[in-house]
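I have placed the structure first, in the form of structure tokens, so that the comments after it can refer back to it.
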Amino acid sequence: DPLIFEEYLLFQISLQIKKQTVKNEKGVAFSTNGYYRQKFEKGLSFKLTDAQSRVIGEIERDMGSKSPMNRLLQGDVGSGKTICAIAAACNAVDTGYQVAFMAPTEILAEQQYLAIHKFFEDVGLGVAYLRGNMGKERSGLVDSIKIGSIQIVVGTHALLQGDVKFNRLGLVIIDE
């Protein structure tokens, strides 16, 4: 059908234009072998799989360049996507930036928070769990995010609310 082909062609052209525009933008070249990244590697109680090591290497190559990174990491449950995300977060924090992990539901966000908090608590970084309906606790967290005393924020769409202002956001990881 010519109409479907035309729509597909226009969609692909718009994607290529967007991709080229992003490629030409200036980004941040993140540190890829800093203190937290090294602590991450040493603190693992297991050996990374070849696939995890390869993906982390690809992510670090992207993060080390000055072009903005836009990546999709796909894998089965339990394949190590969170480990790859934590490695990337270490690079952002090592470079002086904050990281936001966003999940679609409170249950997923809480699971991520527990996994991420366990690692970062051991290396001395501030991690917060931000969700809707937190009451007075929320304003304290929002203030800590704004001044930068919390480096890692895990949450739901609550991260997108107008009162949430990051001090120096450098990496956003969205779990779909």
Using a 1.4 Å probe, what is the accessible area per residue for the stretch 1-136, in Å²? 65 Å²
State the percent of C-alpha pairs, over all pairs in the stretch 65-176, separated by a distance greater than 16 angstrom. 57 percent
ASP175 accessible area, nearest 10 Å², 1.4 Å probe? 50 Å²
Between helix 81-94 and the chain: long-axis angle, C-alpha atoms, 0 to 90°, nearest 10: 70 degrees
Extension reserve of the LYS19-GLU176 stretch, reckoned as 0.36 nm per residue once the Cα distance is removed: 54.4 nm
Helix 136-147 versus the longest principal axis of the chain: what is the Cα-based angle in degrees, 0 to 90, to the nearest 10? 70 degrees
Square roots of 5 times each gyration tensor eigenvalue, C-alpha, the stretch 88-139, largest first, Å: 21, 13, 11
With a 1.4 angstrom probe the carbon and sulfur portion of accessible area for the chain, in percent, totals 54 percent
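When the helix-only estimate is applied to the chain (DSSP H runs of n ≥ 4, each -39,500 (n - 2.57), divided by the residue count), what is the mean residue ellipticity at 222 nm, nearest 500 deg cm²/dmol?
About -16500 deg cm²/dmol.
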Crossing angle, helix 50-64 versus the chain [Cα axis fit, 0-90 degrees, rounded to tens]: 80 degrees
At a probe size of 1.4 Å, how large is the accessible area of CYS84, to the nearest 10 Å²? 10 Å²
Counting only C-alpha contacts under 8 Å and six or more residues apart, can you give the relative contact order of the stretch 1-148 as a whole percent? 25 percent
Equivalent ellipsoid, the stretch 1-113 (semi-axes from 5 times Cα gyration tensor eigenvalues, Å): 31, 19, 14
If you take the Cα Rg of the stretch 47-103 and divide it by 2.2 N^0.38 Å, with N the number of residues, what do you get? 1.12
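The values are calculated or read from the model by the stated rules, or taken from the named source; none is laboratory data. The structure displayed is predicted, hence computed values, not measured ones. Each accessible area value is taken on the protein alone, full model and side chains, heavy atoms only, with ligands, DNA and RNA left out. Shrake-Rupley method; radii C 1.70, N 1.55, O 1.52, S 1.80 Å.
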